[in-house]
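For reference, the structure discussed in these notes is given below.
Rule-based calculations on the coordinates, nothing more; no lab input. Values in this document were obtained by computation on a predicted structure and should not be read as measured data. Reconstructed Cβ throughout: ideal geometry from the backbone, glycine too, with neighbour counts over all protein chains shown.
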Amino acid sequence: MNLDRSVLLFAGVMILLSVALTLWVSPLFYWFTLFIGANLIQSSITGFCPAATIFAKLGFKTGCAFKS
């Protein structure tokens, strides 16, 4: 799995986790969901993604997530 797909998978898992925590643990976990959404927006604007930096250091190779 390449870096791009790993970041997309991680973002999806984190969103689903935050929604589950909001439903089953505490409504205050919606702040976690908002943080994830804000991070996705800033990553798309600035090109800086903390998760991508971590995954790159773990050895994931870069790639194109949406190849035709």
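For the chain, which DSSP H helices look membrane-span-like by this rule: Cα extent along the axis of 15 Å or more and mean Kyte-Doolittle of at least 1.0?
Helices meeting the criterion: 3-24.
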Please check which bits of region 1-45 a label hung off ILE54 would reach, taking the label as a point 7 Å along Cα-to-C-beta and the cut-off as backbone N under 11 Å.
10-11, 14
